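The values are calculated or read from the model by the stated rules, or taken from the named source; none is laboratory data. Predicted model, so just to flag it, every value in this text is computed and none were measured. No Cβ is skipped: glycine too gets one built from the backbone with ideal geometry, and neighbour counts run over all protein chains shown.
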Amino acid sequence: MVELILAKYNYWIVIILMMLGFYAVIARGNLIKKIIGINLFQISVFLFYITMAKVKGGTAPILWDKSQVYDNPLPHCLMLTAIVVGVSTTAVALALIIKIHKAFGTMEEDGIIIEQQREYIKGRV
Amino acid sequence: MIEIIDVFLLFFIVVCSVAAIFLKDLLSAIIILAAFSFLMAVEWTVLNAVDVAFTEAAVGAGITSVLLIATLSRTKRYEEQVNVPKEFAPVVHKGISTKIMPIVVVVITGAVLLYGTIDMPAFEDPNAPINKHVAPTYIHDADHEAGSINIVTAILANYRGYDTLGETTVIFAAGICVVVLLRREKWPEKKIT
Amino acid sequence: MRFLQHLPVLVILIPLISAVVIPVIGRVNRFACWIVSCVALFFSLSGSIYLLNKVANTGKVTYHLGGWKPPWGIEYSIDHLNGFVITVIAFIAFVVAFYAEKSVEHEIEERKIPAFYSIYMLLITGLMGIVITGDIFNLYVFLEISSLAGYALVALGKHRNALVASFNYLIFGTIAGTFILIGIGYIYMQTGTLNIADLRERLPEFYNSTVILTAFAFFTVGLCLKVALFPLHFWLPKVYNYSPSVVSSIMAAVGTKVGLYVMLRVMFTVFKVEFSVENVPIANILIIISSIAIVVGSILAIAQTKIKLMLAYSSIGQVGYIVLGATLTNQIAMTGSIIHILNHALMKGSLFLIVGCLVYKAGIERIDDLEGMGKRMPFTMAAFTVSGLSMIGVPLTVGFVSKWHIAIGALDAGMWYFVPVLIISSLLTAVYFWRIIEKIYFYEEPALLHEDRRVNININWDRREKRENFGDRRINLERRSEFKGTRRKNKEDRRRQLDKQWQPLEQWDEHGRWEVVKNDRRVSEEDRRQFMPDRRSLEGIGRRTRDYNLALIKRGEAPWTMLAPTLVLSGACIFFGIAAKIPVAIAEKAAAMLLR
Amino acid sequence: MARKEDHIISLGVISKILIPFIQLYSYYVLAHGDLGPGGGFQGGVILGSSIILYVLAFGEEEGRKLVSQKFNDIFSSVGVLVYAGVGILCLIAGGAYLEYSKFPLDHHLAHHLGMYGVEIGVQITVSAVMTTLFFETARKDDETFESKKKKKMEPSNLKSS
């Protein structure tokens, strides 16, 4: 049992983290909270990749001598790309939030729906 | 020893993420998110992913927080409770189902992910498939084939250089998307006096 | 030849480079942006046709980026399916880009036009990059390029709801992307490779591993979210409705198709057929879900009053066809589903382009306003009729070919109970298209100055705001060039600025869309001057509000740069319906390869 | 008041001292990408953040004097072009796209040069875009939803003279 926990606990915590982020994205009404949630979700996925790259007794994948054990470098490289993608998405989302706040005067999902509905009732859609 | 640090860090990371999700004050939430990113960078350093940790410290704790705070400065600092007028009540579903549905979805997703861990190779297992198939060649050949001691850079700029072109394009795309959304002056700018 | 040997990468690279160059060119000349993007896409189109031809003649074409061998480097591999889809994308993208010039000028702020072309090219780069690659992580990177471009393009829509639609799209697109990333992670963990061909070889021994099952589940859910398969379709209608017509046409035509392509790839190339059908029940679930999607999409489409929304819901149904055809895992049905990628792209592309023409020429967005348009815009409406008939699935059109194949495939697989679903959905489609076709041809066109169609324009010159009373509806038309935010010291400059400000009204007249009327008759030149004071004299007048009576006049076709692409697409609906052999031959080979 | 100004002055002085070092560090990170952690992206972010620091210390107008909008826009394109251009040079040299070993140079040198070229491209784009993102996101609004609404309400705007 202890072995099992030692073997997997990292992945379990990563999954808990992912789900926290995912929950924030789909459940919170505030748009900024959604973006925070997306960030948490994505970063946890990155942690998942990094976790799987770790090798017992390995060192960072920078070659000094070849007899050493090294961690798997490929997930690191993939995650560098993914981090960049994440920050780009965040930037675009924030720009959208600013414009939404300007147009609707609110950042809450419900507030936006109400505002839209008001406009719809006025018959201007 | 490393395990203990690892567990402590992960514990703090979970605490940070919970706080970031549930705080009403968005500024605090953002700062805690930055702390989360920074702890994550430390955790990655513990896991020997130095390049990624470096990037996360610069991007997650740096740029993302700056952008988030800048957004806050143009919007509102606190999460608000929306008063739903009576006539709009049917449009804004505010039942128990809206509170429970996300939890159900999240629990199912999490359960599927946990189910996936059953057959997973153990943490730090040197005989896991990922350490057997493609990666050994990188480790073995990176310095003389690709000319870089840092294997991650070798993969990033050489073996999978095309991915990095894509990555740069993503950055460019983000830049131009934000410009198109937020810039107010005419594009071919003339001198504004 | 050396150049042709590098064509696989150049097909992607040329749009990418043009996307990067366009903003710089746009500083000098806006028109050049359009030219550059058209030329780049034409190059891509000819390149992809060449590649498809080569694939058809000699089989798989591979290209190793950086000269590294596949599992270590990134590989481009083009087979029948790839070549087919990439040609479809390049074709539609070229046609839509050709169409874009006038439409974009009309629907998007002037200063955003260079950026529009740049983002458009990024979208196409992303889509083509997804399709052509043979590496699953490279696929993710290009997926994100295309999604980012998509979010920004949707947000360019005029109405403020476009922003909300775009934000929702961003949230669900990112969730889908992250799910796919998780799927890639799980697969990579178990196999240690990212190359699709290599994955196919290494996966079978892990088919019973829970890791792989989870990965497959995440891929499926993420991709269903991306392609808006029925229960996960909620983001799509608003996105199509509020984005500019060019954007909705390219997204409807090829945006979701690429998601479907990835679905086919993951289900039948990364995993083998035995896995997707026998090891997991997902294929069976997808069959049921997609047949529900077909019916529900059609029913929801009937309920709509706006043309764009109707087309969006019908898209949801059409996505169901492709998934249904694919998950029947029968060669004929699979062929039908692959041809439907082309067919639906042609039909939906042409329909959305027609909507763009209508918006441009007549400002029409509602189905009710289409009455009697057959006389006013005969060519456009003929194109609409052809595409509509094709959507219904009338013989000699493309819609028939794919539906026929899927139906025969269902019979062949012994699942006859899906044939009624197809027939019912065809009937439903007939209902909502016939309704429009009836309005177009059999209704009287409304009188020129019918009371309902009188428009009251109230212009507050000082604030440069135009508000229009359109019957009981109020439309807020935005100005095209922004006035605020720039203060000119120089009088001459300010005058020039004012001239620009005035342009829109003048242009409307030119296109014959609006005319100024007073007391139910057209305004003579003098009256008009009275209504629209000499712009020079405006200076220094200060605040001033004026009421105008404008009548909506729907007459004449859209300019030829818009009309020609529309006619080309709807013509292609008939051409490929009659000469169905060409795509069917390729699709058959692709289907055989997938079901191998 | 005086204290506040002092504070700003010290901020300015310190950031003026710091910024060159930060920029130098960014080039160090770029150049040492193949020896230790770092590379084009990290270098770019650090370079971008040095400019962000400058803007935070001296304000947007001063920042615009340092890097103008035009400069930013063009350089964010130039970076990608440099990257893609290195690949095209490889094509011209007779290799596959981004195949550095086909450069008519020593094997090691060719790879080094290719990777440096690519990383420089990444750095240019990243720093330019990060600066742009900051400038665009942090700009003060000239018109918010509330002020717009107020304006509409104001009768003076609707009156005709």
### Summary
Of the residues in segment C:108-157 that are assigned to a loop (DSSP other than H, G, I, E, B) and in contact with a Phe, Trp or Tyr (Cβ under 8 Å, 6 or more places away or on another chain), the one that is surrounded by the most Cβ atoms within 10 Å (Cβ to Cβ) is C:GLY134
#### Entry: Residue list for segment A:84-101, restricted to those being facing chain B (nearest Cβ under 7 Å) and within 26 Å of C:GLN190 (Cα to Cα)
A:VAL84, A:VAL85
### Task
Inspect segment D:24-34 for any residue being surrounded by 22 or more Cβ atoms within 10 Å (Cβ to Cβ), among the hydroxyl-bearing types (Ser, Thr, Tyr) and either over 21 Å from C:ILE17 (Cβ atoms) or free of Cβ contacts under 8 Å to residues at least 60 places away in the same chain (or both) and give the result as yes or no.
yes
### Message
Which of the numbered conditions does B:SER148 fail, given that it passes all the others? Conditions: (1) surrounded by 15 or more Cβ atoms within 10 Å (Cβ to Cβ); (2) assigned to a helix (DSSP H, G or I); (3) hydroxyl-bearing (Ser, Thr, Tyr); (4) out of contact with any strand residue (DSSP E or B) (no Cβ under 9 Å at 6 or more places or on another chain).
### Response
(2)
## Note on the structure
Of the residues in segment C:21-62 that are within 12 Å of chain D (Cβ to nearest Cβ) and crowded, with 22+ Cβ neighbours inside 10 Å, the one that is nearest to C:LYS589 (Cα to Cα) is C:ILE22
### Query
For segment A:71-83, does any single residue satisfy the condition of being at pLDDT below 90, over 27 Å from B:VAL180 (Cα atoms), facing chain B (nearest Cβ under 8 Å) and out of contact with any Phe, Trp or Tyr (no Cβ under 9 Å at 6 or more places or on another chain)?
yes
### Message
Regarding segment D:85-99, can at least one residue be identified that is among the hydroxyl-bearing types (Ser, Thr, Tyr), in contact with a helix residue (DSSP H, G or I) (Cβ under 9 Å, 6 or more places away or on another chain) and over 15 Å from D:LEU133 (Cβ atoms)?
### Response
yes
### Task
Assess whether A:ILE43 counts as being in contact (Cβ under 8 Å) with a residue 60 or more places away in the chain, within 22 Å of B:ALA35 (Cβ to Cβ), within 12 Å of the chain's Cα centre (by Cα) and within 8 Å of chain B (Cβ to nearest Cβ).
no
### Message
Being of a type outside the set (D, E, K, R), surrounded by fewer than 24 Cβ atoms within 10 Å (Cβ to Cβ), in contact with a Phe, Trp or Tyr (Cβ under 6 Å, 6 or more places away or on another chain) and farther than 23 Å from C:VAL88 by Cβ is the requirement here; does C:ILE288 meet it?
### Response
no
#### Entry: Any hit, segment D:78-101, residues being touching a residue at least 24 places away in the same chain (Cβ under 8 Å), out of contact with any Leu (no Cβ under 9 Å at 6 or more places or on another chain), facing chain B (nearest Cβ under 7 Å) and surrounded by 24 or more Cβ atoms within 10 Å (Cβ to Cβ)
yes
### Query
Among the residues of segment D:115-142 satisfying the criterion of being surrounded by fewer than 24 Cβ atoms within 10 Å (Cβ to Cβ), without any contact (Cβ under 8 Å) to a residue 40 or more places away in the chain and within 7 Å of another protein chain (Cβ to nearest Cβ), which is nearest to B:GLY147 (Cα to Cα)?
D:THR137
### Message
Regarding segment B:119-126, can at least one residue be identified that is at positive phi and within 7 Å of another protein chain (Cβ to nearest Cβ)?
### Response
yes
### Query
Which residue pairs have Cβ atoms closer than 8 Å, lie 6 or more positions apart in sequence or on different chains, and pair a first residue in segment C:219-234 that is within 15 Å of C:TYR169 (Cβ to Cβ) with a second residue that is of a type in the set (Ser, Thr, Tyr)?
C:GLY222/C:THR178; C:LYS226/C:THR256; C:VAL227/C:THR256; C:ALA228/C:THR256; C:ALA228/C:SER315
### Query
A:VAL14 fails exactly one of the following numbered conditions: (1) more than 24 Å from C:PHE167 (Cα to Cα); (2) within 7 Å of chain B (Cβ to nearest Cβ). What is the number of that condition?
(2)
### Message
I want to confirm something. Restricting to segment B:120-135 and keeping residues that are more than 26 Å from the chain's Cα centre (by Cα) and over 12 Å from C:THR193 (Cβ atoms), which single residue is surrounded by the fewest Cβ atoms within 10 Å (Cβ to Cβ)?
### Response
B:ASN127
### Query
Do any helices (runs of 4 or more DSSP H) lying entirely in segment C:1-91 carry at least 1 residues that are touching a His at 6+ places or on another chain (Cβ under 8 Å), and which ones are they?
C:30-58
### Residues of segment C:91-101 satisfying the condition of being crowded, with 20+ Cβ neighbours inside 10 Å, touching a Phe, Trp or Tyr at 6+ places or on another chain (Cβ under 9 Å) and not acidic (Asp, Glu)
C:ALA93, C:PHE94, C:VAL96, C:ALA97, C:ALA100
#### Entry: helices (runs of 4 or more DSSP H) completely within segment C:371-413 that count 3 or more residues being over 30 Å from C:LEU595 (Cα atoms) and in the same structural domain as C:GLN331 (by TED's automatic domain parsing)
C:373-376, C:378-392
### Message
Being more than 10 Å from chain B (Cβ to nearest Cβ) and of a type outside the set (D, E, K, R) is the filter here; which residues of segment C:186-202 pass it?
### Response
C:ILE187, C:ILE196, C:ALA197, C:LEU199
